[in-house]
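Only one structure is covered here, and it is reproduced in the block below.
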Amino acid sequence: MSIGNYILLGPPGSGKSTQAELLRKNLGLVHIDIGSELRAAAEEDTPLGREINDTIHLKHSLTSDVIMRAVFENVIKSVPPEKSILLDGAPRRASQIDEVEAVLRSFGRSIDKVIFINLREEQSVERISKRYLCFGCHRPYILGKDVFSQEMPCSVCGGKIGQRKDDTPEGVRTRHQIFHTETLPVIEYFAKNNLLLTVDGNQSAEKIFEDIKEQLDA
Ligand SMILES: [Zn+2]
């Protein structure tokens, strides 16, 4: 595989971060995760950090496209030009497509393929709603695998085991619907431009990765 710029898209539960890690390790891609870059930038006492904090905490709104672009630019400028990129977390809505393309263009890059890990709402719920954690030490648990009831205390610290609100069936449904509403136009845009590669996310991580590699090589 030669140098390229890839975008990774997928609803909650699609195992995006696992695939990003596999792609990074096996194909030498530089993984740019806009979500974690945003959180990291928000920690810094810089004009950008303060702007992100204002948006997140004061305005209670989604991060603006302008901030996404600033964060992306800030990260991509330190990526060596000969390195391939895997962009994760943007564009997450149609208005961000132009921003992402403009930043790539300014670094002499363009989008080569968009990897979409597809998962239906019920499958998202099925995969995520088993995720529990200890509210004390944050050790993760899978219901039915390493914990069988919410009443059981944490085996490490004895703390209470429970579920993040985002991970309850209702929480997952909401997140899946947001993904669907916001990101479907992005997926359709890339499909129209013959850049979309779709893989079935309702498989093991190994099989998903195999499918991605096979389609990238095709
Ligand atoms: Zn614990």
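Observations on the model:
- Selection of segment 91-143 for residues being out of contact with any helix residue (DSSP H, G or I) (no Cβ under 9 Å at 6 or more places or on another chain) and within 16 Å of the ligand (Cβ to nearest atom) yields Cys134, Phe135, Gly136, Cys137, His138, Arg139, Pro140, Tyr141, Ile142, Leu143.
- Some residue of segment 149-168 being surrounded by fewer than 16 Cβ atoms within 10 Å (Cβ to Cβ), more than 22 Å from Arg24 (Cβ to Cβ) and of a type in the set (Val, Ile, Thr): yes
- Verdict on Arg120 being crowded, with 16+ Cβ neighbours inside 10 Å, closer than 17 Å to Lys16 by Cα, among the charged types (D, E, K, R) and touching a residue at least 60 places away in the same chain (Cβ under 8 Å): no
- Conditions (1) away from the ligand (no atom under 16 Å from the Cβ); (2) exposed (fewer than 15 other Cβ atoms within 10 Å of the Cβ); (3) within 19 Å of the chain's Cα centre (by Cα): number failed by Asn193: (3)
- Filtering segment 205-215 for residues that are within 16 Å of the ligand (Cβ to nearest atom), closer than 17 Å to Arg131 by Cα and under 19 Å from the mean Cα position of the chain (by Cα) leaves an empty set.
- Residues in segment 133-146 that are touching a Cys at 6+ places or on another chain (Cβ under 9 Å) and more than 14 Å from Asp167 (Cβ to Cβ): Gly136, Cys137, Arg139.
- Candidate set: segment 77-107, residues that are of a type in the set (Gly, Ala, Ser) and out of contact with any Pro (no Cβ under 7 Å at 6 or more places or on another chain); chosen: the one nearest to His31 (Cα to Cα): Ser84
- First in segment 80-93 and touching a residue at least 40 places away in the same chain (Cβ under 8 Å), second anywhere and among the small types (Gly, Ala, Ser), Cβ under 7 Å, 6 or more apart: Ser84/Gly4; Ser84/Gly28; Leu86/Ala20; Asp88/Ala20; Gly89/Gly35
FYI, it's all coordinate maths here, none of it is from the lab. A quick note: this is a predicted structure, and the numbers were derived from the prediction, not measured. Every residue, glycine as well, gets a Cβ built from its backbone with ideal geometry; the counts of neighbours run over all protein chains shown.
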